[in-house]
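A.B. asks: Take a look at the following structure, please.
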Ligand code: P5A
């Protein structure tokens with residue numbers, strides 16, 4: 001892709017309405033554009049990154065056996081009346097009427113709708129357990145939308161739902177999802193810590209928020225520092241291994257504001273291990289038993305002929321929020337570096353282009369087609385700006401690797417720079433291998 005062809009409206013100034021660095025960067029690099037308060041269009045650069053995040057979230061859901069479906073954004077009010085949440089949800093819910101006057105709403109979440117789908121088709125315990133998910137836009141008429149896509153009205157969420165025959169089995173599903181979340185955030189280059197949290201309008205008595213540390217985060221957290229040292233790579237997806245991992249996390253105190261109790265914190269965590277800071281909630285999982293299955297009459301027949309309400313949990317990841325959260329974690333000293341897994345391009349080619357000398361341009365084209373042939377996604381800066389201006393631009397775009405065609409590159413060795421890392425002189429073959437190895 002040529003930079004001159006990419007629809008990427010870069011801004012020179014920091015937009016004054018943006019208070020935190022992720023919002024500033026997203027506007028400056030034309031990742032998003034506000035269309036009205038708390039509602040954004042996703043432009044090509046931002047959309048490409050969000051799609052990569054979505055795909056990683058999807059792969060980790062599939063790995064634990066969850067099945068993808070797609071529910072609509074618009075729901076009927078009826079099922080919400082059945083569950084009793086229609087009135088409880090209050091003004092955050094966007095209520096609409098169709099031309100027949102039928103009450104509808106733009107889904108803020110899907111517990112009711114998935115329960116309705118499930119009760120219509122599953123009748124026997126033999127079909128359980130089930131894990132279903134979708135990745136779909138949600139709407140919440142937030143009282144104070146702010147920080148760009150971090151807290152907005154329309155956002156992209158992965159929401160999964162588990163169905164089990166009893167509490168014990170349901171906790172296994174919960175733990176599986178707990179495991180999938182840790183792996184998902186790790187692949188996104190983030191350290192997200194599960195923290196015991198309040199359940200709010202979703203309900204239930206067991207819940208964890210997955211939090212990444214950031215000064216600009218809206219969640220206040222209290223934790224034992226040592227929880228950050230848990231190594232999830234030592235755990236496999238075997239039931240026993242997942243259970244052990246869950247136990248490890250449970251050993252350490254880690255809670256959000258609403259679960260915090262001073263006496264507990266001081267008793268359970270030695271002073272030198274206490275960490276009180278702020279974080280961004282990138283995921284939230286809940287176990288609520290029969291909170292929805294009971295009023296919505298979603299039951300299955302057991303072996304002995306008795307009926308039981310299915311036990312349910314729900315599990316959310318803020319896919320669009322993650323774009324901003326990654327920036328908060330990775331944008332430092334005015335330089336962005338996207339993790340390889342979600343970077344909009346694998347590598348940038350930045351040639352110094354002179355009017356009367358086409359050699360760098362030809363070199364850049366050759367390198368570009370060689371890398372593309374090897375399935376490496378390249379962005380070639382074909383503008384005639386000075387190299388220093390190009391570097392400034394790329395500091396914001398955040399592609400983690402650059403091939404710089406200037407005084408330090410020859411005909412067969414090229415200046416290869418790892419953003420925030422070392423610079424080497426490499427052959428094209430070495431560059432290719434390095435980039436392909438990073439991917440695996
Ligand atoms: C779990 C899945 C739920 O809605 N029902 C289905 C449950 N949980 S939640 O915590 O309310 O939301 C899940 C994740 O969505 C992101 N999120 C938001 N992102 C941007 N703007 C918002 N206004 C917003 N609200 C929630 C968060 O990442 C949250 O963890």
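The values are calculated or read from the model by the stated rules, or taken from the named source; none is laboratory data. Keep in mind it's a predicted model, so treat the numbers as computed, not measured. Here Cβ is always computed from backbone atoms with ideal geometry, including for glycine, and neighbour counts include all displayed protein chains.
A.B. asks: Tell me, please, whether a residue that is touching a residue at least 40 places away in the same chain (Cβ under 8 Å) and outside any helix (DSSP H, G or I) can be found in the stretch 366-373.
C.D. replies: Within the stretch 366-373 (the criterion being touching a residue at least 40 places away in the same chain (Cβ under 8 Å) and outside any helix (DSSP H, G or I)), the answer is no, since none of the residues qualifies.
A.B. asks: Moving on. Hey, any hits in the stretch 122-135 for a residue that's at pLDDT 95 or above, within 21 Å of residue 301 (Cα to Cα), in a loop (DSSP other than H, G, I, E, B) and more than 14 Å from the ligand (Cβ to nearest atom)?
C.D. replies: yes
A.B. asks: Hey, any hits in the stretch 287-295 for a residue that's closer than 30 Å to residue 113 by Cβ, under 25 Å from the mean Cα position of the chain (by Cα) and buried (at least 16 other Cβ atoms within 10 Å of the Cβ)?
C.D. replies: yes
A.B. asks: From 153, 176, 102, 97, grab the single residue that is more than 20 Å from residue 292 (Cα to Cα), away from the ligand (no atom under 12 Å from the Cβ), surrounded by 18 or more Cβ atoms within 10 Å (Cβ to Cβ) and at pLDDT 95 or above.
C.D. replies: Working: 153 fails: away from the ligand (no atom under 12 Å from the Cβ); 102 fails: surrounded by 18 or more Cβ atoms within 10 Å (Cβ to Cβ); 97 fails: surrounded by 18 or more Cβ atoms within 10 Å (Cβ to Cβ).
Step by step, each of 153, 176, 102, 97 is checked, and only 176 is more than 20 Å from residue 292 (Cα to Cα), away from the ligand (no atom under 12 Å from the Cβ), surrounded by 18 or more Cβ atoms within 10 Å (Cβ to Cβ) and at pLDDT 95 or above.
A.B. asks: Being modelled with pLDDT of 95 or more, part of a helix (DSSP H, G or I), more than 21 Å from the chain's Cα centre (by Cα) and crowded, with 16+ Cβ neighbours inside 10 Å narrows it down to one residue among 182, 245; which is it?
C.D. replies: Numbers: 182 fails: more than 21 Å from the chain's Cα centre (by Cα).
Step by step, each of 182, 245 is checked, and only 245 is modelled with pLDDT of 95 or more, part of a helix (DSSP H, G or I), more than 21 Å from the chain's Cα centre (by Cα) and crowded, with 16+ Cβ neighbours inside 10 Å.
A.B. asks: So for the stretch 189-200 (the condition being out of contact with any strand residue (DSSP E or B) (no Cβ under 6 Å at 6 or more places or on another chain), touching a residue at least 40 places away in the same chain (Cβ under 8 Å) and over 30 Å from residue 75 (Cα atoms)), does at least one residue qualify?
C.D. replies: For the stretch 189-200, residues out of contact with any strand residue (DSSP E or B) (no Cβ under 6 Å at 6 or more places or on another chain), touching a residue at least 40 places away in the same chain (Cβ under 8 Å) and over 30 Å from residue 75 (Cα atoms): present.
A.B. asks: Where residues in the stretch 300-328 are touching a residue at least 40 places away in the same chain (Cβ under 8 Å) and surrounded by fewer than 18 Cβ atoms within 10 Å (Cβ to Cβ), which of them is farthest from the chain's Cα centre (by Cα)?
C.D. replies: Per the criteria, the residue is 303.
A.B. asks: Which of the residues belonging to the stretch 337-355 are at pLDDT 95 or above, under 15 Å from residue 390 (Cβ atoms) and not in a strand (DSSP E or B)?
C.D. replies: Selection gives 345 alone.
A.B. asks: Pull out all pairs, ordered by first then second residue, where Cβ-Cβ is under 6 Å, the residues are six or more apart or on different chains, the first lies in the stretch 270-299 and is on the phi > 0 side of the Ramachandran plot, and the second is part of a strand (DSSP E or B) and buried (at least 24 other Cβ atoms within 10 Å of the Cβ).
C.D. replies: If the second residue must be part of a strand (DSSP E or B) and buried (at least 24 other Cβ atoms within 10 Å of the Cβ), the pairs left are 289/311.
A.B. asks: Could you check, for the stretch 69-79, whether at least one of its residues is touching a strand residue (DSSP E or B) at 6+ places or on another chain (Cβ under 9 Å) and closer than 23 Å to residue 174 by Cβ? Full working, then the answer.
C.D. replies: Going through the stretch 69-79, the residues touching a strand residue (DSSP E or B) at 6+ places or on another chain (Cβ under 9 Å) turn out to be 69-78.
From what's left, closer than 23 Å to residue 174 by Cβ: 69, 71.
Yes, the stretch 69-79 contains at least one residue that is touching a strand residue (DSSP E or B) at 6+ places or on another chain (Cβ under 9 Å) and closer than 23 Å to residue 174 by Cβ.
A.B. asks: So residue 75 ticks every box in (1) under 27 Å from residue 189 (Cβ atoms); (2) within 16 Å of the ligand (Cβ to nearest atom); (3) touching a helix residue (DSSP H, G or I) at 6+ places or on another chain (Cβ under 8 Å) but one. Which box is left unticked?
C.D. replies: Answer for residue 75: the failing condition is (1).
A.B. asks: Read through the list (1) part of a strand (DSSP E or B); (2) under 14 Å from residue 347 (Cα atoms); (3) free of Cβ contacts under 8 Å to residues at least 60 places away in the same chain, then give the number of the only condition that residue 425 fails.
C.D. replies: Failing condition for residue 425: (2).
A.B. asks: Next question, about the same structure. Hand me the list of strands (runs of 3 or more DSSP E) wholly inside the stretch 253-330 holding 2 or more residues that are more than 24 Å from residue 128 (Cβ to Cβ) and within 15 Å of the ligand (Cβ to nearest atom).
C.D. replies: Details: elements: 254-256, 274-289, 299-301, 307-309, 311-318.
Fully inside the stretch 253-330 and qualifying: 274-289.
A.B. asks: State all residues of the stretch 186-221 that are assigned to a helix (DSSP H, G or I) and either near the ligand (Cβ under 10 Å from one of its atoms) or surrounded by 24 or more Cβ atoms within 10 Å (Cβ to Cβ) (or both); if no residue qualifies, say none.
C.D. replies: 200, 201, 202
A.B. asks: Hey, another quick one. Taking the stretch 133-150 as the region of interest, how many residues are within 24 Å of residue 292 (Cα to Cα) and buried (at least 24 other Cβ atoms within 10 Å of the Cβ)?
C.D. replies: Total meeting the criteria: 1.
A.B. asks: Mind listing just one residue for me: the one in the stretch 156-173 that is closer than 15 Å to residue 290 by Cβ and surrounded by fewer than 22 Cβ atoms within 10 Å (Cβ to Cβ) and, of those, nearest to the ligand (Cβ to nearest atom)?
C.D. replies: Of everything passing the filter in the stretch 156-173, 171 is nearest to the ligand (Cβ to nearest atom).
A.B. asks: When you go through (1) farther than 26 Å from residue 372 by Cβ; (2) out of contact with any strand residue (DSSP E or B) (no Cβ under 6 Å at 6 or more places or on another chain); (3) more than 16 Å from the ligand (Cβ to nearest atom) one by one for residue 346, which number turns out not to apply?
C.D. replies: (1)
A.B. asks: Please state which of the following conditions residue 8 fails to meet, knowing it meets all the rest: (1) out of contact with any helix residue (DSSP H, G or I) (no Cβ under 6 Å at 6 or more places or on another chain); (2) in a loop (DSSP other than H, G, I, E, B); (3) away from the ligand (no atom under 16 Å from the Cβ); (4) touching a residue at least 40 places away in the same chain (Cβ under 8 Å).
C.D. replies: Exception for residue 8: condition (1).
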